[in-house]
Amino acid sequence: MYKNTLYLIENHTNMHVGSGDANFGTVDRLIQRDAITSYPTIHASSLKGALKEYCEARHDKKEAPTFIAQTFGDEEYAGKIRFFDAWILAIPFRSNMQPYFACTSPRAIIHLLEMCELTGIELPEKAALQKAASYEGGEIAIEKGEAVIEEFKAKKETSIDFAALERYTGGPAALVPDKLFAELLKDLPVIARNQLENGESKNLWYEEVLPRKSRLFTLLSTPMYLNESDRKSL
């Protein structure tokens, strides 16, 4: 028996989780993307590796080897925690009304709802999310007024509970039609990186990043043990 838990991930700095691919153009290093939607994602193996490295650095040194091995797995143990990919839920885009809106789309919300339904997770504000997921308007929807997000018009939409939506997006929410959302996600920020040796440039490259304040969601499955000795073994 496993217990499934939903986690929201917000990056506080620009984030590059590399795909290992290049587009043979101006960008040398591309980020990971979902194979179906092409939305930015973090593959489960990358997320697991990052969390393992964090735990190795922070956990008590005497207990760390057993804890790390049983949690994440090694040659002797199968990892006790099951990791899922982290999927994009919201991403900041610039606006003339305020610095940015935390933009999401019906498809991104539907994915969140579907994954929680499949894993038995009951979402707070589920009805409000379902309403937002059914939005079929042709323009970007915001809570009040009119704005321009990137170069696209946004207008007030009274059918959406934006207060509920913002609990998931983490900022002033905007609901973007699926087709437009996919187009906006094609061209993410690109940052120049440079390796210096004795003050001299030796290696200049360009990498794609997911901008800070982006939000992703993921799930972790942890075992529900039947006896106390099993609990202590972790």
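In this Cβ point-charge picture (+1 for Lys and Arg, -1 for Asp and Glu), the range 123-195 has a dipole of about 160 debye about its Cα centre. Scanning residues 5 or more positions from Gly79 or on other chains, those with amide H under 5 Å from its amide H are Gly73, Asp74, with H placed 1.01 Å from N in the peptide plane. Computing FRET efficiency as 1/(1 + (r/R0)^6) for His59 and Lys131, where r is the C-beta to C-beta distance and R0 is 45 Å, gives about 0.60. Pairwise Cα distances in the range 80-171 exceed 23 Å for 26 percent of all pairs. Placing unit charges on each Cβ (+1 for Lys and Arg, -1 for Asp and Glu) gives the range 127-214 a dipole about its Cα centre, and among Gly171, Ala154, Ala182 the Cα reaching farthest toward its positive end belongs to Gly171.
For the set Lys52/Lys131; Lys126/Lys213; Lys80/Lys131; Lys52/Lys213, the pairs lying more than 31 angstrom apart at their alpha carbons are Lys52/Lys131; Lys80/Lys131. If both residues of a DSSP beta bridge must be in the chain, then about 85% of such bridges are antiparallel. Heavy-atom accessible surface of the chain, averaged per residue, reaches 58 Å², computed with a 1.4 Å probe.
The values are calculated or read from the model by the stated rules, or taken from the named source; none is laboratory data. What you see is a predicted model; the values in this text were computed from it and never measured. No Cβ is skipped: glycine too gets one built from the backbone with ideal geometry, and neighbour counts run over all protein chains shown. With ligands, DNA and RNA removed, areas are computed over all heavy atoms of the protein, side chains included. Shrake-Rupley method; radii C 1.70, N 1.55, O 1.52, S 1.80 Å.
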